[in-house]
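The next block holds one structure in the form of structure tokens; read it before the comments.
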Amino acid sequence: MRTTRLLLRSGLTLAAAAAFPAWLAGPSAALSGISVSTIGTTVSVVTSACTQNNGSWGNASLLNSGQTAFAQGRQVALAGTTVSQSAAWSGVSPGTYTVVVVCSNGGTAGTQSVIVSSSAAAPTTSSTTRSDAPARGVMGGLGGAARDYGPLTLGIGAALVGSGVIATGWYLRKRSKPYRL
């Protein structure tokens, strides 16, 4: 019975340790199905989730903060290949927007918020754009929502997680041995 509990406990610990790096990495564009970026006053979206149906890949819509339905936004048809489809809007005024992509089969490929700033100095995305007073509140998320960490910080975090897994395994191994005099 003790061995069964120990195996169950160590199995759960190893499963949690295996899932932790994926959770630590945070969300990616693959989770939402789309990738949105801005360069100056141009907003663009790229996806690979849509398939061509009757000569159409689908549509993308750019919604401002007052719009809630796909049909209310500025709609653009997706163009591309079987590998990648894209759409773009130019002359977008500064503010917070939501990009929604609907494939030709009616399924939603993804939804993502983006902030368009007045300066055209550098490309930005919603995960790395910082604003003093966002119009729709803070866009929260897992890891990196407020700051983009570099490889050194991620390496140190991975080393800490790895050492924790090793220490847990060592501790459980020591506890599983029978007491000897």
Query - Nitroxide proxy distance, nm - points 7 Å out along Cα→Cβ at THR108 and SER176 - result: 4.6
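With a 10 Å radius around each residue's Cβ, average the other Cβ atoms per peptide and rank 51-61, 153-163, highest first.
Values: 51-61: 17.0, 153-163: 12.0.
Packing proxy ranking, top to bottom: 51-61, 153-163.
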Query raised in the report: Across segment 89-97, in residue order, what do the Karplus-derived ³J(HN,Hα) couplings come to in whole Hz, using 6.51 cos²θ - 1.76 cosθ + 1.60 with θ = phi - 60° and x for Gly and Pro?
Result: 10, 10, x, 7, 6, x, x, 9, 10
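What does the extension gain come out to for ASN53 and ALA159, with contour length at 0.36 nm per residue minus their alpha carbon separation? Write down the numbers at each step before the final one.
Working: separation 106, 0.36 × 106 = 38.16 nm, distance 4.72 nm.
Here the segment from ASN53 to ALA159 would lengthen by 33.4 nm.
Rule-based calculations on the coordinates, nothing more; no lab input. Being a predicted model, the structure only gives us computed values, none of them experimental. FYI the Cβ positions are ideal-geometry reconstructions off the backbone, even for glycines, and counts take in every protein chain you see.
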